[in-house]
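Every read-out reported here was derived from the displayed coordinates using simple, explicitly stated rules and does not represent laboratory data. It should be emphasised that the depicted structure is a prediction, and the values quoted were computed from it without experimental measurement. Here the Cβ is made from the backbone with ideal geometry for all residues, glycine too, and neighbour counts use every protein chain on show.
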Amino acid sequence: MLAQLLLYAGAALLVGGVAVRHLVKPGSLRLRWLPTGLLLLVAGAVWKTYGVLRELDMLNLTDTLDFLTRVPAGRAALLLVIGACVLLAAHLSRFSRLTELGAAALTLWGLAGLGHGSTHGAFVRFVHVLHGGAMSVWVVGVATLLLIRPRQIEALKRFSPVAAGCVGVLISSGLIMTSSHTGSLLRLPDTLYGQRLILKLLVFGVVLGLAFVVRRALLGQARASRCLGLEFFLLLVILWLTSSLVGLAPPSHGSLP
């Protein structure tokens, strides 16, 4: 689970960080956070790959290369690292936003291949890409609002439409993912996966309420740092719950490889 948490945190910092630097305000998020995201992604991918190879007793170089090039999970880890490196290089070199978008998509596609998104076909995996991208942008956007308090109102006006779009993507993609992984909402309480997912959905509902309160307070020139901090904390809780779900088998299929 810790490896998956590193992957999600890294994706948020790198993918979400690049998006926020473009969408909120140039320089709103310090550049140093992007290499940190890359390091977390690489660490999570290496840790997760090593765990699988150790379990299979395939730690020699030949088996490792075969795993990375022939096994879907291995190829996903490789695509993740390649996409993340290209994304950071493209942003630092000020390549076109289309190049950054392609690299971000490749990164998230690889990330989706290391979880439940790889078990239901290309469409559901693509939905996981959208879900992961929206969550990354929201988490880093809220963190940015916390870090630039003197300019919160200006940043909020830029970020609010972005956040609303992220919420829309999260809700629609979440419904598709829940349906594909559980088959029926009525089956959720019957499994540990379903119970953990219900908890995640409850926290998500609280975050939506907090987000509404924070936006109204900030736009009204009121102080709302505590609520904003709580919103960010609960978003981190959601990341933790999501990473814990990856190691659990959904009701729709057995244990993941």
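Rounded to the nearest 10 degrees, the angle from helix 225-246 to the longest Cα principal axis of the chain is 10 degrees. For the chain, set up a GNM with springs between Cα atoms under 10 Å and report which of Gly205, Gly133, Gly110 has the largest fluctuation. Among Gly205, Gly133, Gly110, the largest GNM mean-square fluctuation belongs to Gly205.
In this calculation the C-beta distance from Asn60 to Cys85 is compared with R0 = 25 Å, giving a FRET efficiency of 0.50. How many nm is it between the label spots at Arg196 and Met1, if each spot is 7 Å from the Cα in line with the beta carbon? In this crude label model, Arg196 to Met1 measures out at 0.6 nm.
Met1 sits among other residues whose Cβ lies under 12 Å from its own Cβ, and their net charge, with Lys and Arg +1 and Asp and Glu -1, is +2. Projected over all directions and averaged, the alpha-carbon convex hull of the chain occupies 13.5 nm². Roughly what angle does helix 72-92 make with the longest principal axis of the chain, taking Cα atoms, 0 to 90 degrees, to the nearest 10? Compared with the principal axis, the helix lies near 40 degrees.
What you get for the chain, charging only the Cβ of Lys and Arg (+1) and of Asp and Glu (-1), is a dipole of about 1080 debye around the Cα centre. Seen against the Cα atoms of the chain and their longest principal axis, helix 152-182 is set at about 30 degrees. Considering only Arg216, Arg125, Arg196, the mean-square fluctuation computed in a Gaussian network model of the chain, springs between alpha carbons under 10 angstrom, is largest for Arg216.
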